[in-house]
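Read the structure below first, then the notes.
The values are calculated or read from the model by the stated rules, or taken from the named source; none is laboratory data. Every value quoted in this text rests on a predicted model; they were computed, and no experiment measured them. Cβ coordinates were reconstructed from backbone atoms using ideal geometry, including for glycine residues, and neighbour counts include every protein chain displayed.
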Amino acid sequence: MSFSPALLFYRAATTLVGPFAGLWLNARARNGKEDEDRVAERFGRYTQARPEGTLVWLHAASVGESGVALSLIEALAARDPSLSFVISTGTRTSADLVAKRAPPRTTHIYAPLDTAASVRRFLAYWRPDLGVFVESEIWPNLILAAEKQGVKLALVNARMSVKTLRQWENWPAAGKRLVKAFSFISAADGRTARALKRLRGEEISARGNLKLAAPAPSIDINARGSMLAQIGGRPIWLAASTHEGEDEIVLAAHERLRENFPNALLILVPRHPERGADIAKLAAGAPRRALRQPIADAPVYIADTLGELGLFYDLSPIALVAGSLAPHLKGHNPIEPAKLGAAILTGPYVESFQDLFDALFTAGGATSVDTPSSIAAAVTVLWRDDASRNEQLDSARRVAALGADAFNHTLTSLSALLPPQPRAPRAAHASA
């Protein structure tokens, strides 16, 4: 790795800290941040069998990236049913999502640590034919070792923050070496495309964000009917994927709303379901879905389960996409509510999805809020003015429909990187 002092230093540093990784992972497992039964996967040791035939490996950081990866898997499998897939992720919540949504012939594993030994074992075991990195997961040892082994690599929907891009530009030799390892790169936004072009020295496709093309989450019809029966005719709104520090803002906004709408219902979905008990205390003992408690006449309902956010977007005419109300947060994906018919509110801190929100704001498909009073005012307007709400919904749906071209272009490019399939033998014909 003499081509870059930064990469040489990184390789040496990861080699030095590698022997201590077990202590770190075990501490994370004790805190519930790692699956203690699968910690060995972080070191490149697996119990799952590698399927025969062509294997496509997709690597995604967390829940949002995993959703894109799963959509790509479904589409690639539809084009070629003989393909098998392995998807590596870094968080327990993403593992749970994959367990719920993984198509046939798809295996989930936890991503290996980016140390030479773990990466070597991973590649020797799985022997992928194609590696697809989703969005912003750039692990130097993993990428360069895969390239050396002859694995075709793609970076899709690349989307990097200003801070991350600045770091790469501060280490241009390392950045250039890493992006050159990919046979195909597509960017989710123009900012990332321009920065990668400067590093790579060639045009980067920036047709749009693949999350725009992701299908709306499936809805459990029975659960929907049960929830509607409990809600009745009450005015409702949703606070989706809240983080610590946002719940108080949302609850204060709801108190203001109840001054004019005494029977209003707030459905609050925490980003991390394990926070449900703490949020329920903040909300004066609000009922929790994880405990199967009924809504009854409670003003707040805590939906602290995993994989049901689509259900609540579908039920709610208005949704605050949280993860956006504090400066240290960077926003969440607004496309699911756009596709499920919930008018979108968001806080000002949406750096991770700035391109999507900019498009929504330009089209009139979302409303920005930042305080309890502004949230309450926006919800009130959308409750009272059906025409305005429907106009905003239509605008958001038009923005959400723009991802099909980017998705199809990505599929075609990935298919071109796969090894050619062997031709079936021709049937023998008897001579006349």
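Here are some notes:
- Only one entry in D385, D370, D358 is touching a residue at least 24 places away in the same chain (Cβ under 8 Å) and either surrounded by fewer than 18 Cβ atoms within 10 Å (Cβ to Cβ) or closer than 30 Å to S183 by Cα (or both), namely D370.
- Test set (1) among the small types (G, A, S); (2) surrounded by 18 or more Cβ atoms within 10 Å (Cβ to Cβ); (3) over 16 Å from the mean Cα position of the chain (by Cα) - A158 fails condition number: (3)
- Within region 25-66, the set of residues being modelled with pLDDT under 85, under 29 Å from P217 (Cα atoms) and among the small types (G, A, S) comprises G32, A61, S62, G64.
- Scanning region 80-105 for residues that are within 22 Å of S136 (Cα to Cα) and of a type outside the set (D, E, K, R) yields a count of 13.
- Only one of the listed residues (S136, S71) is closer than 22 Å to S183 by Cβ, small (G, A, S), outside any helix (DSSP H, G or I) and touching a residue at least 24 places away in the same chain (Cβ under 8 Å). That residue is S136.
- Options L309, L329, L265: the member that is more than 25 Å from S62 (Cβ to Cβ), touching a residue at least 24 places away in the same chain (Cβ under 8 Å) and crowded, with 19+ Cβ neighbours inside 10 Å: L265
- Taking the listed residues R121, R166, R105, the one that is at positive phi and surrounded by fewer than 19 Cβ atoms within 10 Å (Cβ to Cβ) is R105, with no other qualifying.
- Looking only at region 313-336, and only at residues there that are of a type outside the set (V, I, T) and over 20 Å from E244 (Cα atoms), the one that is modelled with the lowest pLDDT: E336
- Checking S413, S388 one by one, the residue that is hydroxyl-bearing (S, T, Y) and under 28 Å from T242 (Cβ atoms) is S388 and no other.
- Listed conditions (1) closer than 22 Å to T305 by Cβ; (2) touching a residue at least 24 places away in the same chain (Cβ under 8 Å); (3) in a strand (DSSP E or B) are all met by H108, apart from (2).
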